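Single-structure report; data block below.
Quick note: the coordinates plus some simple rules give every number you see, no bench work behind them. Remember, it's a predicted structure, so these values are computed and weren't measured experimentally. Quick reminder, even Gly has a Cβ in these numbers, built from the backbone with ideal geometry, and neighbours come from all protein chains shown.
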Amino acid sequence: MSQVTESDERLLIEAAQKDPSRFAELYELNFDRVYAYVARRVRDRAETQDLTAHVFQQALANLGKFKWRGAPFAAWLYRIASNSIADHARRNMRETNDQHSPVETTSAAVDLEKVERRARVFRAVEKLPDDQRRVIVLRFAEEKSIREIADELGRSEGAIKQLQFRGLENLRNRLSIN
């Protein structure tokens, strides 16, 4: 996958909003990372494939509502994925609640708690100041190194470390309130 600049990505999004057939380019650019994101959280291949397809269906259906805020398009897709995973876990828990032993139900509840905690974290990340949010998303969602982020954002590694530190502190404060 070639590196796409922020302005290129924004142009792709705007083009897809005007002509949904252009969404294929956004799909191609983001499929691998969304699939990996879902796979790390779901573990079942068929469910991963279904949820990934659902994420892109939702993204296409709601593309007109997408507002550019400086965060990568993938951050929006991760939020859709996170919500889809949480919904899927809740559905599974409801469907299996009557069919399983208390131990299995407890395990499903623990898994649901993890998913909901991740969703809370993701919502908190969305509320961070733009620079902090971008660094946190690039560092932890896209798993980029400090150096890669510094190069991508045109900043020093020290500045990226400081933004990461502030972003994490801000998240800790926001999550301790909730």
A student applying the Cα gyration tensor rule (rounded when a/c is under 1.5; otherwise prolate if a/b is larger than b/c, oblate if not) would label the stretch 1-51 prolate
Taking Cα pairs closer than 8 Å and at least 6 residues apart, the relative contact order of the chain in percent is 17 percent
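Can you give the charge dipole size of the stretch 127-178 about its Cα centre, rounded to the nearest 20 debye, using +1 on the beta carbon of Lys and Arg and -1 on the beta carbon of Asp and Glu?
Charge dipole, the stretch 127-178, about its Cα centre: 260 debye, nearest 20.
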To the nearest 10 degrees, the tilt of helix 6-18 (Cα long axis) against the first principal axis of the alpha carbons of the chain is 60 degrees
Looks like the chain, by Cα gyration tensor root eigenvalues a ≥ b ≥ c and the a/c under 1.5 rounded cutoff (else prolate when a/b is bigger than b/c, oblate otherwise), is oblate
Expected unfolding gain across MET93-LYS67 under the 0.36 nm per residue rule, minus the alpha-carbon gap, is 6.0 nm
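For the stretch 127-178, what class follows from the C-alpha gyration tensor (a ≥ b ≥ c being the square roots of its eigenvalues): rounded when a/c is under 1.5, otherwise prolate if a/b is larger than b/c, else oblate?
prolate
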For the stretch 127-178 the mean separation of alpha carbon contacts under 8 Å (6+ apart) over residue count, i.e. relative contact order in percent, is 40 percent
Residue span LEU60 to GLU113: 0.36 nm per residue of separation minus Cα-Cα distance leaves a gain in nm of 16.2 nm
Taking alpha-carbon centroids only, the stretch 13-70 lies from the stretch 114-178 a number of Å equal to 21 Å
Only helices counted: for the chain, with every DSSP H run of 4 or more residues adding -39500 (n - 2.57) and the sum spread over all residues, [θ] at 222 nm is -25500 deg cm²/dmol
Of all lysine pairs in the chain that are eight or more residues apart or on different chains, those with Cα atoms under 27 Å apart total 10
Counted neighbours (other Cβ, 10 Å), sorted fewest up, put PHE140, PHE73, PHE23 in the order PHE140, PHE23, PHE73
Here, ALA15 and LEU168, labelled 7 Å along Cα→Cβ, have an inter-label distance in nm of 3.8 nm
GNM of the chain, Cα pairs under 10 angstrom: of ARG41, ARG91, ARG139, the biggest fluctuation goes to ARG91
Expressed in nanometres to one decimal, the distance between label points 7 Å along Cα→Cβ at ARG45 and GLU25 is 3.3 nm
